[in-house]
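Here the structure is laid out as structure tokens; the discussion comes afterwards.
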Amino acid sequence: MKAVRVKEYGGPEVMSYEDTDVPTIGSTDVLVKVEAAGINFIDTYQRSGLYQIPLPATLGLEAAGTVEEVGSEVTQFSKGDRVAYTSVAGAYAEYASVPEEKLVNIPDGVSFHEGAAAMLQGCTAHYLSQSTYPIKNGDSCLIHAAAGGVGLILIQMAKNAGAFVIGTVSTEEKAELARAAGADEVILYSEQDFEVEVKRITDGKGVNVVYDSVGKSTFDKSIDCLQRLGYMVLYGNASGPVTEFNPATLGPKGSLFLTRPTLFDYTADRKSLEWRSGDVFNWINEGKLKLRVEHFFPLSEAQEAHRSLEGRKTTGKIILTP
Ligand code: NDP
């Protein structure tokens, strides 16, 4: 089969499209024929070495497809089922071996493309808005990179929960998308001081929660956008990691909370995975959530897909098709 492999850390050029063996499955695994592999920012961290993984490796942590074969102890899936998964390595390929416990069925009415987008970015937006800081009616929140894959989903979930949503984006085109997703206010943080703007918009009060996936370039000001007892949710490093922070500063700034959550911990057990993915699929089918799946690349063009994502040229979800 064809797969996108990495043998050393580096830029997009270290990814090679090559022939490799179809993965063998164990007794509790399922062989999935990949129809749509999701591209996520974390893939770039694993490729560059910011997040270290054992090499050589097939990249990709999310896909949707059909069941090709099941291990002898698999009980919940059979050949031909439409399925999706996340948090299992090896999705940039024609076939992937996935433990049964990580797989969910894709309901009728949800496409493979939506299925792939729902798992990593959808479940992330779900845990951020429902668990890390459960958004209440009347809350205010700041969402950075609001036109990105997670961003556009998070805006909709925050609005559905009754929040006032401020988004940040780098271009006017992205601002339009964030507004269309429901953002009440959008700040061009490439041109404006977003802290000043947030204070202006909230009459000096600040917001209850900041969802910050940009990291290095936004972290300090994000903290200063919070009101008393506010939540700083740092969940990504698109501009680089935050490496220095003094927790003592949280006190005088209003007894703030700081957390650095990961999807892995919020979907570690089967119940959480089924709850989050089930909500996301139901909301898609009920029309409460629209996934913007806009960028498609063939598997052979994974390098170009990463260049677009890291070059801030994409919005919403990026899909690789084998
Ligand atoms: P996005 O589609 O959001 O792409 C990243 C966006 O970040 C860009 O489009 C860009 O938007 C913005 N950005 C700001 N500064 C930079 C920079 N210097 N270089 C590149 N991009 C920049 O990606 P995803 O939806 O896949 O992921 C969003 C973030 O969420 C990532 O940081 C990812 O690691 C994190 N994440 C964390 C998870 C967790 O559980 N902790 C799970 C899933 C994702 P703009 O041009 O508008 O600034």
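The values are calculated or read from the model by the stated rules, or taken from the named source; none is laboratory data. Please read all numbers here as calculations on a predicted model, not as lab measurements. Methodologically, a virtual Cβ is constructed for each residue, glycine included, from the backbone with ideal geometry; neighbour enumeration extends over all protein chains shown.
In table form, for the structure just shown:
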{"item": "From 36, 57, residue being away from the ligand (no atom under 16 Å from the Cβ), on the phi < 0 side of the Ramachandran plot and surrounded by 15 or more Cβ atoms within 10 Å (Cβ to Cβ)", "result": "57"}
{"item": "Residue within the stretch 239-248 that is touching a residue at least 60 places away in the same chain (Cβ under 8 Å), of a type in the set (Val, Ile, Thr) and in contact with a strand residue (DSSP E or B) (Cβ under 9 Å, 6 or more places away or on another chain) present", "result": "no"}
{"item": "Residue 293 being in contact with a helix residue (DSSP H, G or I) (Cβ under 9 Å, 6 or more places away or on another chain), surrounded by 17 or more Cβ atoms within 10 Å (Cβ to Cβ) and modelled with pLDDT of 95 or more", "result": "no"}
{"item": "Pairs where the first residue, in the stretch 195-210, is on the phi < 0 side of the Ramachandran plot and the second is outside any strand (DSSP E or B) and not aromatic (Phe, Trp, Tyr), C-beta under 6 Å, 6+ apart", "result": "195/221; 195/224; 195/225; 198/225; 207/225; 208/139; 210/222; 210/225"}
{"item": "Selection status of residue 148, at pLDDT 95 or above, under 19 Å from the mean Cα position of the chain (by Cα) and within 26 Å of residue 118 (Cα to Cα)", "result": "yes"}
{"item": "Helices (runs of 4 or more DSSP H) wholly inside the stretch 259-322 containing at least 2 residues that are more than 9 Å from the ligand (Cβ to nearest atom)", "result": "270-285, 302-310"}
{"item": "Contacts under 8 angstrom Cβ, first residue in the stretch 298-319 being on the phi < 0 side of the Ramachandran plot and in contact (Cβ under 8 Å) with a residue 60 or more places away in the chain, partner among the hydrophobic types (A, V, I, L, M, F, W, C) and part of a loop (DSSP other than H, G, I, E, B), 6 or more apart", "result": "302/59; 315/147; 317/291"}
{"item": "Check on residue 85, surrounded by 15 or more Cβ atoms within 10 Å (Cβ to Cβ), outside any loop (DSSP other than H, G, I, E, B) and either modelled with pLDDT under 95 or under 18 Å from the mean Cα position of the chain (by Cα) (or both)", "result": "yes"}
{"item": "Within the stretch 185-230, tally of residues that are crowded, with 21+ Cβ neighbours inside 10 Å, part of a strand (DSSP E or B) and more than 13 Å from the ligand (Cβ to nearest atom)", "result": "6"}
{"item": "Flag for residue 146 being of a type in the set (Gly, Ala, Ser), in a loop (DSSP other than H, G, I, E, B) and either touching a residue at least 40 places away in the same chain (Cβ under 8 Å) or in the same structural domain as residue 166 (by TED's automatic domain parsing) (or both)", "result": "yes"}
{"item": "Failed item, numbered, when residue 269 is tested on (1) within 19 Å of the chain's Cα centre (by Cα); (2) closer than 28 Å to residue 292 by Cβ", "result": "(2)"}
{"item": "Among the candidates 271, 313, residue that is loosely packed, with under 12 Cβ neighbours inside 10 Å, touching a strand residue (DSSP E or B) at 6+ places or on another chain (Cβ under 9 Å), among the charged types (D, E, K, R) and not assigned by TED's automatic domain parsing to the domain that holds residue 148", "result": "313"}
{"item": "Restricting the stretch 238-258 to residues that are farther than 19 Å from residue 211 by Cα and in a loop (DSSP other than H, G, I, E, B), the residue that is nearest to the chain's Cα centre (by Cα)", "result": "246"}
{"item": "Residue ID - surrounded by the fewest Cβ atoms within 10 Å (Cβ to Cβ), chosen from residues in the stretch 1-17 that are free of Cβ contacts under 8 Å to residues at least 60 places away in the same chain and more than 26 Å from residue 103 (Cα to Cα)", "result": "8"}
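One line per residue, one yes/no per condition, for (1) more than 8 Å from the ligand (Cβ to nearest atom); (2) out of contact with any helix residue (DSSP H, G or I) (no Cβ under 7 Å at 6 or more places or on another chain); (3) not in a helix (DSSP H, G or I):
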site: 125; (1), (2), (3): yes, no, no
site: 138; (1), (2), (3): yes, yes, yes
site: 152; (1), (2), (3): yes, no, no
site: 166; (1), (2), (3): yes, no, yes
